[in-house]
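Notes follow once the structure below has been shown.
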Amino acid sequence: MIKRYPWLLAASLGNLLFLYAPIAVLILFSFNASRLSARWQGGTLQWYRLLAEDEALLAAVQNSLLVGLVSTVIATVLGVCAALALERFPFRGQRAIEGAILLPLVIPEVMMGVALMLFFVSIKLPLSLVTVTIGHAAFNLPIVVVIVRGRLRKLDPGLEEAARDLGASAWQAFHRVTVPLLMPAILGATLLAFTISLDDFIVTFFTAGPGATTLPLKVYSMVKSTVTPEINALSAILVLVSMGLIGLSLALQRKPV
Amino acid sequence: MAEVSVEIRNAVKAHGATLAVDHLSLEVRRGEFFSILGPSGSGKTTTLRLLAGFERLDQGDILIEGRSMRSVPPNHRPVNLVFQHYALFPHLTVFGNVSFGLEMRRLPKEEIRSRVASVLDMVRLTPKQDRWPAQLSGGEQQRVALARALVNQPSVLLLDEPLGALDQQLRQDMQVELKAIQEQVGITFICVTHHQEEALTMSDRVAIMHQGRLLQVGSPQEIYEAPASSFVAGFIGVSNTLRGRIARFNGTTCDVTVPGLPTGQAIVARPSAGAGVGSSVTLVLRPERLHLSNEVRVGGFDNVLEGRVSKAVYNGSEMQYLLSLADGISWKARVPNVGEGQKKFLPGEAVFVRWNADEGVVLTE
């Protein structure tokens, strides 16, 4: 295939270069001994060491992990329930509800951020890590629904009937048969949601209050003055962790039914 | 009534505007291999799902071992179902699949192990008990599905097109094996199939369903030799038909006049109950009952029609002929291939078709 279409190969390589060259440069320069210039002056790990000593940064990491964890759990529980409801129990007005659940996937994130902020202000909920968490759960919910529902659709409904026929109650059939078979999708969705939460800037920016600084917010505030090699180092870590999580998520979702 | 295992009383089930099951009443005896046979859309699968409890009756009742099942959910019914596509749990091993029902009943571990072992032994899957379903062949998966249901020792085993997904050779082997297993365990089997040969081979009795209604119940022989309607005759095997009118009775036989045959020539047949002079009837004849010859005089037959061979097909065990009789009537005939010296007819050749009165069935429409 590739051999017969050399231009296809060239386009693919150009694409990869376009996508990954900046990231590669960023990671490379996180090991650059020079503080200021874009010239390579020998390798060092000192920027990583500096990161580990920056307490404000570590606090931001902690916030990010906490928000990611809690919002992912909320989005997963609600998302699995919604996926089951949409796929297994047809009801009146299902299409409207379905559209409403999936809408956050297509509306611009800035609008979602502004809307959430206005909503929290109007119900007098002070902006804090709590509001950030709710915001993250909100945009992760449709992602969980889409992934889990996709797998649910491929599951043979006869499996649940078989469990019922063999003496399982509706609940036993669900947790002994449906949940184990959905698990790859649930785990995959969880990892993806966690990664998106970890990387999110816009919604966080609008819903975070004072002291609720997450990692992307911290990076942004550091970049405002100047791009330092610490930021390169931090970004390198973020990129690698995210890519690892996404890779794992995709691998899990590919498990055959 | 102790020998009745399953009783369906006037069951009605609507799917939308159509009646999937239309006032069905049926009794299945304890320990018998009972098949429900019908084309797709006949309501046979719905009937099975009503028995398993996956669908609710609109009217009527279902009794299993004398107990009404109207308000009993599937997990509390004394039946188990072998699913059409097996529905094996892909995340459990063969052992895990077979032990599932016993675990749901919270039986002691030792008892579970010994019962699973003995049923796996019966279906010859002991060496594969740690495999995953995806690692098994179609026939093996089928036997796991059977074992998974049988291990619970249900009062009634339900089978939904049990051999439908198997290839021809395996299908025939499994027909024999399934029947043998049924005789060994002595459980009532109710099998739904659209495959008539399967139903005739395995069953003690067969019910024919069409458009939600029960057309006939009887032994395979009764169904085949004495179909109660032309639908049953056409659905079970190949049949030739002639439409006519009863002209007179002669003791145990009657004369049927058929439009298109030479005047004065009547078909001698065994009348059905309730037919009278002037009744319009359909005469049904199986292709293997016809005697073909090109000699004018052959004694010992009640009926003879003259025709021409329009097609001859050799299929190994028999010759199949398409015959055109008078006035556009087209019949099929099958002649077992008994080897050398047998007369073979060629297309275009004139033949005489002969048969006796008791080899045809007369249906009153």
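I want to confirm something. Restricting to segment B:336-365 and keeping residues that are open to solvent by 50 Å² or more (accessible area, probe 1.4 Å) and in a strand (DSSP E or B), which single residue is farthest from B:Val281 (Cα to Cα)? Only one residue fits best here, namely B:Pro336.
The single condition among (1) farther than 20 Å from A:Thr178 by Cβ; (2) in a loop (DSSP other than H, G, I, E, B) that B:Ser118 does not meet is (2). Filtering segment A:167-212 down to residues that are of a type in the set (S, T, N, Q) and within 14 Å of chain B (Cβ to nearest Cβ), which residue is least open to solvent (accessible area, probe 1.4 Å)? Filtering segment A:167-212 for residues that are of a type in the set (S, T, N, Q) and within 14 Å of chain B (Cβ to nearest Cβ), the one least open to solvent (accessible area, probe 1.4 Å) comes out as A:Thr178.
Here B:Pro90, B:Pro78 are screened, and the one residue that is within 14 Å of another protein chain (Cβ to nearest Cβ) and under 19 Å from B:Leu159 (Cα atoms) is B:Pro78. The residues in segment B:121-136 that are of a type outside the set (Asp, Glu) and not in a helix (DSSP H, G or I) can be counted, and the count is 7.
Based on this model, can you work out whether B:Leu292 counts as open to solvent by 60 Å² or more (accessible area, probe 1.4 Å), farther than 20 Å from B:Gly260 by Cβ and of a type in the set (A, V, I, L, M)? Judged against the criteria, B:Leu292 is not a match.
Residue by residue, here is whether (1) over 31 Å from the mean Cα position of the chain (by Cα); (2) at negative phi; (3) of a type outside the set (Asp, Glu); (4) open to solvent by less than 60 Å² (accessible area, probe 1.4 Å) holds:
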| site | (1), (2), (3), (4) |
| --- | --- |
| B:Leu261 | yes, yes, yes, yes |
| B:Ala275 | no, yes, yes, yes |
| B:Ser280 | no, yes, yes, yes |
| B:Asn315 | no, yes, yes, no |
| B:Tyr321 | no, yes, yes, yes |
| B:Arg334 | no, yes, yes, no |
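Among the residues of segment B:33-55, just one is in contact (Cβ under 8 Å) with a residue 12 or more places away in the chain, within 14 Å of chain A (Cβ to nearest Cβ) and among the charged types (D, E, K, R), namely B:Glu55.
For B:Ser71, the criteria (1) under 24 Å from B:His15 (Cα atoms); (2) in contact with a helix residue (DSSP H, G or I) (Cβ under 9 Å, 6 or more places away or on another chain); (3) open to solvent by 40 Å² or more (accessible area, probe 1.4 Å) hold in every case but one, which is (2).
Against the test of being more than 13 Å from every other protein chain (Cβ to nearest Cβ), touching a residue at least 24 places away in the same chain (Cβ under 8 Å) and in a helix (DSSP H, G or I), the options B:Gly139, B:Gly101 yield a single qualifying residue, B:Gly139.
For A:Ser64, the conditions (1) hydroxyl-bearing (Ser, Thr, Tyr); (2) part of a helix (DSSP H, G or I); (3) at pLDDT below 90 all hold with the exception of (3). Given (1) open to solvent by less than 60 Å² (accessible area, probe 1.4 Å); (2) of a type in the set (A, V, I, L, M, F, W, C); (3) out of contact with any Phe, Trp or Tyr (no Cβ under 9 Å at 6 or more places or on another chain), identify the lone condition not met by B:Leu37. Here B:Leu37 meets the rest and fails (3). Taken as a whole, the structure leaves A:Ala236 outside the set of residues that are surrounded by 18 or more Cβ atoms within 10 Å (Cβ to Cβ), at pLDDT 90 or above and not in a loop (DSSP other than H, G, I, E, B). Candidates are the residues of segment A:128-166 that are outside any helix (DSSP H, G or I) and open to solvent by 20 Å² or more (accessible area, probe 1.4 Å); the one that is farthest from the other protein chains (Cβ to nearest Cβ) is A:Ser128.
The values are calculated or read from the model by the stated rules, or taken from the named source; none is laboratory data. Here the structure is a predicted model, which means the values were calculated and not measured. When we count neighbours, we look across all protein chains shown, and the Cβ atoms used for this are built from the backbone with ideal geometry, even at glycine. Each accessible area value is taken on the protein alone, full model and side chains, heavy atoms only, with ligands, DNA and RNA left out. Shrake-Rupley method; radii C 1.70, N 1.55, O 1.52, S 1.80 Å.
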